[in-house]
């Protein structure tokens, strides 16, 4: 896995578009040291029954913890969803994790990470 520099993307006014996830796994991480309020926008397609995802933060790009209060977020329909973490820079790295899929193996996730401005 590689890591993106979120500050560089934020300065350019664009988001970090991740490679499509077609099986359980994680996106690359984004260095959010100088970024505030990361917003994940993700589109899920070809769901058979449901897909579980979670959003993770790290202070060292190695040890990860949940950014959400629940262990995971379950989506049962194709669509575009959002998750925002209100932060003032305490999350140094962020990523999205495709945990599992029920009912088949066709689901895919396209994710984008953008940032607020303090």
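Quick look at the values:
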| item | result |
| --- | --- |
| Residues of the range 74-114 satisfying the condition of being over 12 Å from residue 56 (Cβ atoms), part of a strand (DSSP E or B) and free of Cβ contacts under 8 Å to residues at least 60 places away in the same chain | 74, 75, 79, 80, 81, 82, 84, 102 |
| Residue that is surrounded by 14 or more Cβ atoms within 10 Å (Cβ to Cβ) and modelled with pLDDT of 95 or more, where the choices are 31, 37, 50, 78 | 50 |
| Test: residue in the range 44-51 that is in a strand (DSSP E or B) and touching a residue at least 60 places away in the same chain (Cβ under 8 Å) | yes |
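The values are calculated or read from the model by the stated rules, or taken from the named source; none is laboratory data. Source: prediction; values computed, not measured. Counting neighbours? That spans all protein chains shown, and the Cβs are built from the backbone with ideal geometry, glycine included.
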